[in-house]
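I have placed the structure first, in the form of structure tokens, so that the comments after it can refer back to it.
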Amino acid sequence: MAVFVALGAFLMTLAGGWTAQHVTDRRHLVLGLAGGLMLGVVGLDLLPEALRAADTEIHGVPAALLLFVAGFLLAHLVERLLAARRAAHGAVEHGAAGPRHRSPEVGLTAAAAMVGHSLMDGVAIGASFQVGGGMGTAVALAVIAHDFADGFNTFTLTRLYGNARRKALAMLFADAVAPVAGAAASTFLTIPEGALGGYLALFGGALLYLAAAEILPEAHHEHPARSTLLCTVAGAAFIWLVVGFTG
């Protein structure tokens, strides 16, 4: 049953990626929307869940928040290291040109993190069905509802950093398959809730870095229009509605 329900997440992820690749003539709007979706996912979905699951404190600070900051710094460090390696091999990086002229590896790494997150979503679906049908249905609806944003962001992130369309499609397909694989794997393994919360916090910090330091500045660089800002607000509001209806 869990695997069957996860097929809904598979289709919703593909729908999000399809939408992202068919609005390329409004690139600034796509990036503005992606930034808003990512901000909403981090602040309204991942971080609250991480704080609930990883409820321990380290020196007076919730462990989830420490991992959240660590994820942000880790994403920044990885990007700088890749940019330095690229520059050492003779590639010129123009700060004003945006992520399109930076390391494609950053986009692939970010997309791979999205795939990992979708895999954990599938595990969550499977584990919830082990608890009971009602719980499984509620979790499945929550996952399916926000997988549109996951597919949208996976394709957008991969393409934003200059990767070929075929690579973006490959990452999108991997992201779509991940919930199904996770649901199937959940019949054989159980992930401690604390470890899951730590992962969500770390992933959320990295995702926030990409949204705030890369995607949103790029969205407003060439088209600082009011419509771009409205798309960002709409993306965050959409996640708020999803969390409210499925929470």
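The values are calculated or read from the model by the stated rules, or taken from the named source; none is laboratory data. Not measured: the values here are computed from a predicted model. Backbone-built Cβ (ideal geometry, glycine too); neighbour counts: all protein chains shown. Note: accessible area is taken over every heavy atom of the protein model, side chains too, but ligands, DNA and RNA are not part of it. Shrake-Rupley method; radii C 1.70, N 1.55, O 1.52, S 1.80 Å.
Points to keep in mind about this one:
- Residues (assigned to a helix (DSSP H, G or I) and farther than 21 Å from V42 by Cα) located in the range 160-173: R165, R166, K167, A168, L169, A170, F173
- Residues of the range 151-171 classified as within 12 Å of the chain's Cα centre (by Cα) and over 19 Å from A219 (Cβ atoms), total: 0
- When L67, L31, L37 are checked against the criterion of being buried (at least 24 other Cβ atoms within 10 Å of the Cβ), out of contact with any Phe, Trp or Tyr (no Cβ under 7 Å at 6 or more places or on another chain) and not basic (K, R), L31 stands alone in meeting it.
- Test: residue in the range 163-180 that is touching a helix residue (DSSP H, G or I) at 6+ places or on another chain (Cβ under 6 Å), open to solvent by less than 30 Å² (accessible area, probe 1.4 Å) and modelled with pLDDT under 85: no
Conditions tested, residue by residue: (1) within 16 Å of A70 (Cα to Cα); (2) open to solvent by 40 Å² or more (accessible area, probe 1.4 Å); (3) at pLDDT 80 or above.
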| site | (1), (2), (3) |
| --- | --- |
| A195 | yes, yes, no |
| G198 | yes, no, yes |
| F203 | yes, no, no |
| Y209 | yes, no, yes |
| H220 | no, yes, no |
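- When restricted to residues that are open to solvent by 60 Å² or more (accessible area, probe 1.4 Å) and in contact (Cβ under 8 Å) with a residue 60 or more places away in the chain, the range 181-190 contains 3.
- Scan of the range 23-54 for residues that are among the charged types (D, E, K, R) and farther than 17 Å from F203 by Cα, ordered by number: D25, R26, R27
- 1 or more residues more than 25 Å from V115 (Cβ to Cβ) and more than 18 Å from the chain's Cα centre (by Cα): qualifying helices (runs of 4 or more DSSP H) within the range 176-247: 216-222, 226-246
- Output for the range 172-200, where each listed residue is out of contact with any Asp or Glu (no Cβ under 7 Å at 6 or more places or on another chain) and closer than 26 Å to A219 by Cβ: L172, F173, A174, A176
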